[in-house]
Amino acid sequence: MSNQPLPDPAAGVFTTMLVLGGAPVALEAHLARLDASVGTLYGHHLPAATDRRAVAAAADVAAARLRLTYLPGDRAVEAVAREIDPAIVLPGRDRALDLRSVELDGWDGRHKWADRRLLEALEHDVAPAMPLLVAPGGAVLETSRASLFAVVGGRLITPRAAARVLPGVVRAQVLELAATAGLDATEAPLTLAQLAGADEAFVTGAVRLLEPVRSLDDLPLPGPGPVTALLADRLRSRWLAPAG
């Protein structure tokens, strides 16, 4: 585990979203989550023009990562769009992830902290794998930049948001899509042992949307299966097809 401190709320909070064809994807949902964090942490709301600032930053960019950062000292929002390779969105089996578990005490994942020193240090420590945050006792939380899902005994499980996991926008979409597809999907505790024995595993995030997982702590996991494929197709139809 890194010796970096836990995130400093004074640095602010942010949300990141995908931009396609010059328009932010799921902008309202991202603003609602960011506004909830601002209200909880700082006792007020996002500036009224935040949505217009986001739209302006995304204009004329074919594919990008748009980050909106709330700066509590100024009560202002910074909007920065950076172009991306569209191929990173919904990557296939050839870009599956390797996860490395890292025990982290006191992690509060309800908010997307602008102070990312700890997470960046963990990413450096386990590269080229992605750090998987685990609470003392073995409860799986989330990765350094994504929500985790696993198919265990035919059931799709993602760790409960509660006080330790970010209520991600794509995470919520996947739960909704799974329900409409008739899958047995739930928020529930998930242990490292369960994940190691999972039939499938993937992570979700705002830019890459859904990425399959191929290993945990150097232990191979089964490749992308029918649940991963189904939900990737549903996300593609919902967000990528309309954007062309």
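FYI, it's all coordinate maths here, none of it is from the lab. Everything numeric in this text was worked out from a predicted model, so none of it was measured. Counting neighbours? That spans all protein chains shown, and the Cβs are built from the backbone with ideal geometry, glycine included.
Laid out as a table, the results:
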{"read-out": "Normalised contact order of the chain, rounded percent, pairs of Cα under 8 Å and 6 or more residues apart", "value": "21 percent"}
{"read-out": "Top of A79, A229, A129 by mean-square fluctuation, Gaussian network on the chain, Cα under 10 Å", "value": "A229"}
{"read-out": "Global geometry of segment 93-243, whether rounded, prolate or oblate, following the gyration tensor of its Cα atoms and the 1.5 cut on a/c", "value": "rounded"}
{"read-out": "For segment 9-84: rounded, prolate or oblate by the Cα gyration tensor [a/c cutoff 1.5]", "value": "prolate"}
{"read-out": "Ranked packing of 42-48, 155-161, 11-17, most packed first, by mean Cβ within 10 Å", "value": "11-17, 155-161, 42-48"}
{"read-out": "Nearest-20 debye value, the chain charge dipole, Cβ charges on Lys, Arg, Asp, Glu", "value": "480 debye"}
{"read-out": "Shape call, segment 57-156: gyration tensor on alpha carbons, a/c limit 1.5", "value": "oblate"}
{"read-out": "Structure-based [θ]222 nm, the chain - -39500 (n - 2.57) summed over DSSP H runs of at least 4, per residue, nearest 500", "value": "-7500 deg cm²/dmol"}
